[in-house]
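Worksheet: the structure to be examined is printed underneath.
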C-alpha cells in the first residue's frame, strides 16, 4: 500500500505541489520570479502563452490546477488577455484548493505582483506542508507513458519493458495511458484487435486514420531527424516500437486530453486535434504530450528514450527509462532505469518491467526521479481543438 | 531460412527480412546470417538494421512481423537497410544528413 495526499474530490496525489500559472506570455516573467525562491519546495511554473481564447487550453489548465498532485494554485494574469481567469479560479476554489489570482495591471506592476505572489506561496506552502498522507491503493493510481528521442533500441528494450510494467500495474487495478496516435500509424489493425468492444476498435482505428491524415497534410510524420540517425527508417517502424509501450492488456478506452480514465485498465490518449488542420503540429515536442497525460490525471509518467532525453515535467514525476546501453553510459545521471542492459544480457524484459513497476509505486514513499532531483519542470501548452469523445470510447458503467 | 545467426543480430519475428544490430559493427566484419557468412560493407550502429536476405526493389520491409515500408532499390543480403533504400508507405522520413555515414551521434 502506497500513501498519498487526499483531495476534496476523493482523488489522491503523490506530490503536494503548488502551481504558479501564467495566463498569457506577458505574465510569464512575473510568475517565474514568484517561483524562483521556492524552486526546491515543490512550487512549479505552468502556463498558457496565448492571448486568444481556446477551449482546449482552458480545459487543460483547469485539469492541471486541480490535479491530485497539486495542493494549491496561484494564477498570474496580465489583465487584458482573453483567458477566462474567473472560471479557472472558480474551478480551483470548487475543488477545495487554495487559489489566488494576481492581476499585474491592477496590482501596481511587476515588483508588487512578485512580492504579493511570493507571500501567498509562502503561506500556502506552510499550510500544505502540514498535510498528512493517507493510504493509497494501486487501483487509485493513473500512470502515463510517452517515448521521446527514440532510436532503434527503444522498440526492443525500453518500450516493451514499460509495456510489462503496464501489464503488472493494470493487473493490480491501476489505470494506464499510452498515447501519440501519430506514432501508432501502421499499427491500427493490431491495435483495434485488442479493443474491449468492436465499437471501441472502430474508434481506435478512426483515431489513427485521423492522425495519418493530419500528419500527411503537414508533410511530416511524428519523426525527428535523430530518430533516423538512431536507426529508425520510417514512421511505421517507429510506430511498431512505440506500440510496445502499451503492453498486452486489452484496451479499455480511448480518451482525449483532460479526460480522466473512469476506472483501471489500459487507455489510448488521442492527442491529434479534431477537424481541419488549424494550429500546426499536434504536439510540438515531447513535453506537450507529457502535459496532456498529466491533464488526464497521470500521477507519474514513464518516459522511454534511446537517444537520451533529459526532460522532466511540472506537476508529475517523469521516470526516464533508457533503452540504449551506450546512451545510458553517457547520460546515467539523467536516467532512472537502465533498460539497455537487456541488449547486453544483463537483464530481461520481465526484470526491467518489474523494476519500473516498483519504481512507480516507490514515488509515493519519498523516492524522487533524477529529473526531479535535477530540477527539471518543463511545461508547454499550445492551441488545439477537440470534439468530445464518442459513447463507444469508455467502458460501460 | 535455417542455420545459425550471429547473436549480435536480433531477429524480432520469423517473418522479418531485416535483423537489428544490438552492438555497433564495423565495415569489413563478417557476420553469420541464417548460416551464411556475410561481409559488412558499411559500419552498422546499434539499433540499425541489415537485410537478412536479398530484397528486391518494391518489396515490403518487414520488422516485428509487420511492414515498416518498401524497398526503393534492390538490397543485398547483409546490407544496411535505412532511409537510402526504404521509404514509408505513410509520410516521408525527415533526416538532417546522410545517415548512412553519420558520425557517432555526439553532435
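Considering only alpha-carbon pairs that sit under 8 angstrom and 6 or more positions apart, the relative contact order computed for chain B is 22 percent.
Ranked by how many other Cβ atoms sit within 10 Å of their own Cβ, fewest first, the residues A:176, A:393 fall in the order A:393, A:176. Compared with the dominant Cα axis of chain A, that is its longest principal axis, helix A:286-295 is turned about 70°. Geometric descriptor of the protein assembly as shown, per residue, is 139 Å³ (volume of the convex hull of the Cα atoms).
Structure remark: mean-square fluctuation, Gaussian network model of chain A, C-alpha springs under 10 Å; the largest value among A:281, A:166, A:303 belongs to A:281. Shown for the stretch A:246-397 is the translational diffusion coefficient from the Stokes-Einstein equation, using the Kirkwood radius over Cα pairs, a temperature of 37 °C and a viscosity of 0.692 mPa s: 194 µm²/s.
Residues considered: A:317, A:262, A:68. Largest GNM mean-square fluctuation over chain A, using C-alpha springs under 10 Å, is found at A:262. Sorted from longest to shortest, the spans of the Cα atoms of the stretch A:138-393 along the three principal axes equal 44, 40, 33 Å. If R0 equals 60 Å, the separation of the Cβ atoms of residue A:40 and residue B:36 corresponds to a calculated FRET efficiency of about 0.50.
Relative to the longest principal axis of the Cα atoms of chain A, helix A:85-94 runs at roughly 80 degrees. Taking the DSSP beta bridges with both ends in the protein assembly as shown, the antiparallel portion is around 35 percent. Across chain A, the mean sequence separation of Cα contacts (distance under 8 Å, 6 or more residues apart), normalised by length, yields a relative contact order of 21 percent. Taking the Cα centre of each part, how many Å lie between the stretch A:345-384 and the stretch A:50-92? Distance between centres, Cα-based: 27 Å.
Put simply, the C-alpha atoms of the stretch A:279-329 give a gyration tensor, and the ellipsoid matching it has half-axes of 22, 15, 7 Å, longest first. With 5 Å bins beginning at zero, the pair-distance distribution over Cα atoms of the stretch B:9-87 amounts to 3, 17, 30, 27, 18, 4, 0 %. Between A:345, A:96, A:182, which gets the highest mean-square fluctuation from a Gaussian network model of chain A, Cα cutoff 10 Å? Fluctuation is largest for A:345. For the stretch A:2-134, the fraction of C-alpha pairs more than 27 angstrom apart is 14%.
Between the helical axis of A:198-218 and the longest alpha-carbon principal axis of chain A there is an angle of about 80 degrees.
Only the coordinates and a few stated rules stand behind these numbers; no lab work does. Being a predicted model, the structure only gives us computed values, none of them experimental. Here Cβ is always computed from backbone atoms with ideal geometry, including for glycine, and neighbour counts include all displayed protein chains.
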